[in-house]
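Input: a single structure, listed below in C-alpha cells.
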Amino acid sequence: MAFTEDMNELERTVQRLEKEELPLEEALKLYEDGLGLVRRCSAFLRDAEQRIEVLDEDGTWKPWTEEDRP
C-alpha cells in the first residue's frame, strides 16, 4: 500500500476501535494490524526525511537533520 492508503486504513482502524463494541479477539487483531500500519507509515516518513535536503543559511544544500525540524 501507498503511504496515503496506509494512513486512511489506520484512521478507519482507530475509528472502529473507538466506536464499535467488538469482541476482544477482533479488537486485538485490529490493534495489531494498526501497529503494523503505524510502523510502515513511520518507516516511510523516516525515509522521506533522509531524502530531503534543506537550503543552509549560506545558500548551500545540505541533508536534512533533526536540527532542521521546526
query: Does any residue of the range 20-40 turn out to be surrounded by 12 or more Cβ atoms within 10 Å (Cβ to Cβ), over 12 Å from the mean Cα position of the chain (by Cα) and of a type in the set (D, E)?
result: yes
- line: Residue set L35, L30, L17, L45; condition touching a Gly at 6+ places or on another chain (Cβ under 8 Å), in a helix (DSSP H, G or I) and either aliphatic (A, V, I, L, M) or modelled with pLDDT under 95 (or both); output residue L17
message: Consider the range 5-55. How many of its residues are closer than 24 Å to T65 by Cα and of a type outside the set (D, E, K, R)?
response: 11
field: Matching option when the condition is open to solvent by 70 Å² or more (accessible area, probe 1.4 Å), without any contact (Cβ under 8 Å) to a residue 12 or more places away in the chain and more than 19 Å from the chain's Cα centre (by Cα), among E11, E53
entry: E53
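The values are calculated or read from the model by the stated rules, or taken from the named source; none is laboratory data. The structure displayed is predicted, hence computed values, not measured ones. Virtual Cβ from ideal backbone geometry, glycine too; neighbours counted across all protein chains shown. The accessibility values were calculated without ligands, DNA or RNA, using every heavy atom of the protein model including side chains. Shrake-Rupley method; radii C 1.70, N 1.55, O 1.52, S 1.80 Å.
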